[in-house]
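**Q** I have a structure here, written as structure tokens, and I will follow up with some questions on it.
Computed from the coordinates by the stated procedures, all read-outs in this text should not be read as laboratory data. Since the structure is predicted, the reported quantities are computational estimates derived from the model, not experimental observations. Ideal geometry is used to build each Cβ from the backbone, glycine not excepted, and the neighbour counts take in all protein chains shown.
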Amino acid sequence: MRHRLTVVLSQAQGKHPARRGLEESIVAALIMESGLDVSVIPHLYDLTPEHTGRMFLESIGGDMVLLSWLFPRAAFWIMDRDGITGKWGETQLKPPADDDDEEEAGEAQAPKGIGSVSVRDRSIYCLDLRDFNQPDPYITEIRRLAAESKARAEEKERQKAASKPQMVELGLPSLNGSNGAASHGLNGLNGVSLNGLNGKHEAPVFTPEDLVKPAARRWYPVIDYSRCTNCLECVDFCLFGVYGIDGQERILVENQDNCKKGCPACSRVCPEQAIIFPDYKTPAIAGAPVGVIGNLKIDLSRLFGGDAKDALSQAVEERDRELVADGRSAVGTEVGMPKRQTGKEATAKDALDNLADALDDLDL
Ligand code: SF4
Ligand code: SF4
């Protein structure tokens, strides 16, 4: 079977001409490329479970490249929450400024989060469309990823064949390209998406018009499980029923749309910077990279507005404002902040500790 890499471009919100121009240039350059299936969906964060774009993403079975106007960490964990799982695909496409950061950064911290569950055996590469104004860097990287993905698939096939020499080819029809004719990966754009199907079910059909149907803006927290330690402070803090616990006693964003639009309060109280609001203006909250000293310095100062104590009081203020808007009473620091407010058993390394450590490391 010919290997194909799925490329999904998640559009910007609104109709910003420069952003649309970049999106169209990338798609135009890749659409006829052999070995790629290129599709366009609305802004990933806004997709509801009923949106065709979401269903299309769920139908993709193999490696995927997702281009979006989001930090890669945010895009990856939005999909993970929706069951579109895979391994984090490392990309060589870095924004120019990252070179300096790496020099200053030193050793990256090993992730200590609880991780995702039921992760599919495939790679998901997330590229940030804000990194470059021109299409070329994206096109070059996607071609490289396509070759990498193909080589990995071929190696898997070799290993499979070596371990099961008796397997008989069943002669199932190839689903990619559907009829064996030369295919240029137009699925999603020519109305047929056969990705991810293995012959057991009839292929769903996604028309390009359905895929890009407008999606109303949404607002909800996204958990980065590579950082989340399941301390459950966010469950205690949120008084709007957004968070829950799943069957494995893990934190879960259960009722996404209960969250209060524009409010990022709980992201300020998470000790691990594991809560992302992808559309928030501050990079540290919107999912900018964390975990290395250089970025930690930048992220925390932005997150806390220069004073660590402000983060907590800001979160309390934001929560109180939403409570009052709901016709409820403000609670201040009386509810949902036991560890932080009493200072008891502060075993979990919280954000204040992180800030202090960062300052120590910087020797200021
Ligand atoms: S507060 Fe942060 S680390 Fe703790 S459970 Fe919530 S998301 Fe995870
Ligand atoms: S921002 Fe506010 S309403 Fe939304 S999840 Fe966090 S604490 Fe709850």
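**Q** For ASP121 paired with LYS160, estimate the spin-label separation in nm (one decimal), with each label point 7 Å from Cα along the Cα-to-Cβ line.
**A** Result: 0.9 nm between the two label points.
**Q** Could you tell me which of LEU36, ILE26, GLN13 has its Cα farthest along the dipole of segment 11-100 towards the positive end, charges placed at Cβ (Lys, Arg +1; Asp, Glu -1), taken about the Cα centre?
**A** Result: GLN13, furthest along the dipole toward the positive end.
**Q** Next question, about the same structure. Using 0.36 nm per residue, how much length does the chain from GLN134 to ALA147 gain when fully extended, once their Cα-Cα distance is taken away?
**A** Stretched out fully, the GLN134 to ALA147 stretch lengthens by 2.5 nm.
**Q** Take the Cβ-Cβ distance between LYS261 and VAL335 as r, set R0 to 22 Å, and report the resulting FRET efficiency rounded to the nearest 0.05.
**A** 0.50
**Q** Next question, about the same structure. Around GLN256, with a cut-off of 15 angstrom between Cβ atoms, what is the net charge of the other residues, counting Lys and Arg +1 and Asp and Glu -1?
**A** After counting each charged neighbour, the total is -2.
**Q** Hey, another quick one. Just check segment 1-101 against the gyration tensor rule for me: Cα atoms, a ≥ b ≥ c as the square roots of the eigenvalues, rounded for a/c under 1.5, and otherwise prolate or oblate depending on whether a/b exceeds b/c.
**A** rounded
**Q** Once you list every other residue whose beta carbon is under 13 Å from the beta carbon of HIS16, what net charge do they have if Lys and Arg are +1 and Asp and Glu are -1?
**A** +2
**Q** Less than 14 Å Cβ to Cβ from GLY244, Lys/Arg counted +1 and Asp/Glu -1: what total charge do the surrounding residues give?
**A** Result for the local shell: -3.
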